[in-house]
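Please read the structure below before turning to the comments.
What follows draws every value from the coordinates through simple rules; no lab data is involved. What you are looking at is a predicted structure, and each value in this text was computed from that prediction instead of being measured. Cβ sites come from the backbone with ideal geometry, for glycine too, and all protein chains shown count toward neighbours.
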Amino acid sequence: MGKDEFEKEEFGKEDPMIGEQAGTTSEDGEEFAPPFMYEEEEMEIVESHISEYFGKFSMVMHEIFSPDVHVDICLIPPRPQEGKDYFTLVTMGMGSYCMNVPEELADQKLTRAELLINLPADWHMGHEDFQDECWYWPVRLLKTIARLPLEEDSWIGWGHTVGMEEGETYAGNTKLCGSMLVTADMFGEDSFYCTLPNGDDVNFYQLLPLYEEELEFKFANNASALLERFPEELLGVVGINRPKVV
């Protein structure tokens with residue numbers, strides 16, 4: 001399957017990709033603004049950065065509908081020969097818009113971001129598999145968080161957490177119910193950002209899924225205190241039933 005052909009054919013009603021295609025007119029005559037997208041040169045830089053630091057991707061999960069920002073996902077297969085025997089999924093498109101970062105942080109180049117998550121090598125990645133939320137939730141999570149700053153006119157960055165409604169979990173086979181943005185240390189510091197032609201940095205954050213108790217600990221303390229509780233082996237790849245650190 002070529003990298004331009006991998007598309008999820010049907011989405012659940014709550015999927016953020018559902019809706020009229022941006023840049024078109026709906027049946028009632030309402031016009032939709034075109035979605036945020038990288039310029040060609042910007043896209044080449046982001047693609048090159050992903051390939052160089054996270055891994056070469058043979059497939060891209062393209063959005064069928066993009067009502068606000070066009071967010072594709074690069075699917076990087078396990079590469080055991082490099083000591084990376086896991087899938088890496090990286091968004092490509094979130095950084096095409098600038099987040100509303102507070103003025104006091106304006107000089108830190110935090111306005112643009114992309115997200116990634118690492119999944120076990122035995123994670124099911126087929127079209128039919130993705131009809132089951134047990135396999136699809138990491139994709140939904142990436143796309144939902146990628147749109148969140150735009151929808152809320154806000155921003156996200158290192159140490160920020162995004163949770164679910166009380167009592168909800170990502171899927172029926174896990175108690176994980178929130179995520180924190182952290183640096184992708186396992187890929188090295190050079191992977192943390194790339195610079196666009198206009199001088200803006202696109203920051204790459206890894207999603208660290210959390211349990212409810214871990215979210216509460218982070219809110220009561222801070223992100224650094226929570227990360228200190230994590231052994232290194234639990235920081236890299238998602239474990240749907242990993243032990244809790246608090």
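Mind giving me the FRET efficiency for residue 104 and residue 124? R0 is 41 Å, r the Cβ-Cβ distance, nearest 0.05 is fine. The calculated FRET efficiency here is 0.40. P(r) tail, segment 54-189: Cα-Cα pairs separated by more than 23 Å, 38% of all pairs. For segment 109-246, the share of alpha carbon pairs falling in successive 5 Å distance bins from zero is 2, 9, 18, 22, 21, 15, 8, 3, 1 percent. Can you bin the chain into rounded, prolate or oblate? Criterion: square roots of the alpha carbon gyration tensor eigenvalues sorted a ≥ b ≥ c, rounded for a/c under 1.5, prolate for a/b above b/c, oblate for the rest. In terms of gyration-tensor shape, rounded. When the chain is treated as a GNM, springs tying every alpha-carbon pair under 10 Å, which of 115, 75, 226 comes out with the largest mean-square fluctuation? Highest fluctuation among the options: 226.
Each Lys and Arg Cβ is given +1 and each Asp and Glu Cβ -1; about its Cα centre, the chain then shows a dipole of about 1020 debye. Taking 22 Å as the limit for the C-alpha separation, the pairs 109/244; 175/244; 84/143; 84/218 exceed it in the case of 109/244; 84/143; 84/218.
Between residue 58 and residue 168, the FRET efficiency estimated from the beta carbon spacing at R0 = 30 angstrom works out to 0.35. Taking other residues whose beta carbon is less than 14 angstrom from the beta carbon of residue 208, and scoring Lys, Arg as +1 and Asp, Glu as -1, yields -1.
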